[in-house]
1. Using 24 Å as the Cα-Cα cut-off, could you pick out the over-long pairs in A:Lys7/A:Lys155; A:Lys155/B:Lys87; A:Lys7/A:Lys41; A:Lys156/B:Lys79; A:Lys115/A:Lys142; A:Lys115/A:Lys155?
2. Can you give the mean number of other chain Cβ atoms that lie within 10 Å of the Cβ atoms in peptide A:74-84?
3. To make sure I understand, if each residue's beta carbon is the centre and we count other beta carbons within 10 Å, what order do A:Tyr1, B:Tyr58 fall in, fewest to most?
4. Have a look at A:Ser137, A:Tyr61, A:Trp107 and report the one farthest towards the positive end of the charge dipole of the range A:8-146, computed about the Cα centre with Cβ charges (Lys/Arg +1, Asp/Glu -1).
5. Got a sec? How would B:Asp66, A:Asp25, A:Asp65 order by Cβ neighbour count within 10 Å, fewest to most?
6. Just check the range A:64-186 against the gyration tensor rule for me: Cα atoms, a ≥ b ≥ c as the square roots of the eigenvalues, rounded for a/c under 1.5, and otherwise prolate or oblate depending on whether a/b exceeds b/c.
7. Mind giving me the nanometre distance, one decimal, between the label points for A:Val113 and B:Arg26, set 7 Å out from Cα along Cα→Cβ?
8. Given only helices, namely DSSP H runs of n ≥ 4 each adding -39500 (n - 2.57), what is the per-residue ellipticity at 222 nm of the protein assembly as shown, to the nearest 500 deg cm²/dmol?
Amino acid sequence: YVFFPGKPRWARRIPMTLTYGFSPDNMIHSLSLSDIKEAFKLAFSKWASVIPVNFVEADDYGFADIKIGFYSGDHGDGEPFDGVLGILAHSFSPESGKFHLDAAETWAVDFEVEKSSVAVDLESVAVHEIGHLLGLSHSPVKGAVMYPSLKPREKKVELSVDDIQGVQSLYGSNPNFTFSSLLESDISANR
Amino acid sequence: RPAPEFPWKQLTETTVNNYHHYFYNRFLNSRRGSHVSGLSEIKRYFRYFGYLTPQAHYNISDDIFDAPLESAILHYQSKLGLQVTGKLDFDTLTQVLSPRCGVPDKLQPSPTLHATKN
């Protein structure tokens, strides 16, 4: 795992709660809002299960710690999106909270429903970008969610040992988490 | 302020495959000393993701596979767990073409994507 220069993290008392909200003006309509929210809820829960950080959807987007939106091309942060594939999303290190996804992608929550060859799994990208929002940079470990690339129609939503060790060195461990439970879930998934 | 130029073309679902064929045909097995039309695209890619740091007198817009580009590719291959060859082999080009996160792999002192809140 790798940190951003200066090792920035959310500097709040642990256990902490971070709120997230969806930009009402920058959403996609190819997926239902409930499907989008469910994908993000699952993605946040992956990280919350290993660190003492709780993620809650904010009532008011303007006051959310993490602001999520879908944008096209040049959207004002100096990092324009590029259309289909290429760059899928980007987010900022702590404590900015900006989380931007490329609206031009064919975002999917279920590949049985979305048959496009260029479909991108929303939850996988969300898990990766949340890692950035928490303070992790790109990992060289291919199996880690913090590895920078994701193929179309690929799903990668399970945190690896590398991801967990990285984020726990920033925030400590969730008291309910043990590496043996991770191993058990891996064995269960492989079965 | 004007947005920095991103190296990739604006692709649509129907042009993705054509672009990938063009990309492999053009750049596969390029190595130091090669001169390949369009190689500046590759240079811009590596600069965008932090592997090719801006230097005085370095021309990023030419199509020459020079020492800085070779060094950038060596770092890229090492960083992303690829075979370290220093050339644009198949696995490296495949990785370059893979969809990815826009956050640079090698962060410079003050890129916008790791700006802290002030």
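1. Checking Cα-Cα distances, A:Lys7/A:Lys155; A:Lys155/B:Lys87; A:Lys7/A:Lys41; A:Lys115/A:Lys142 exceed 24 Å.
2. 6
3. Working: A:Tyr1 22, B:Tyr58 14.
So the ranking, lowest neighbour count to highest, is B:Tyr58, A:Tyr1.
4. A:Ser137
5. Values: B:Asp66 17, A:Asp25 7, A:Asp65 21.
So the residues, fewest neighbours to most, are A:Asp25, B:Asp66, A:Asp65.
6. Verdict is oblate for the range A:64-186.
7. If labels sit at A:Val113 and B:Arg26, their model points lie 3.8 nm apart.
8. Numbers: 8 runs with 95 residues, N = 309.
Rounded to the nearest 500, the figure is -9500 deg cm²/dmol.
Values in this text are rule-based calculations from the coordinates and carry no lab data. Note that this is a predicted model, so its numbers are computed, not measured. Neighbour counts run over all protein chains shown; Cβ positions are idealised from the backbone, glycine included.
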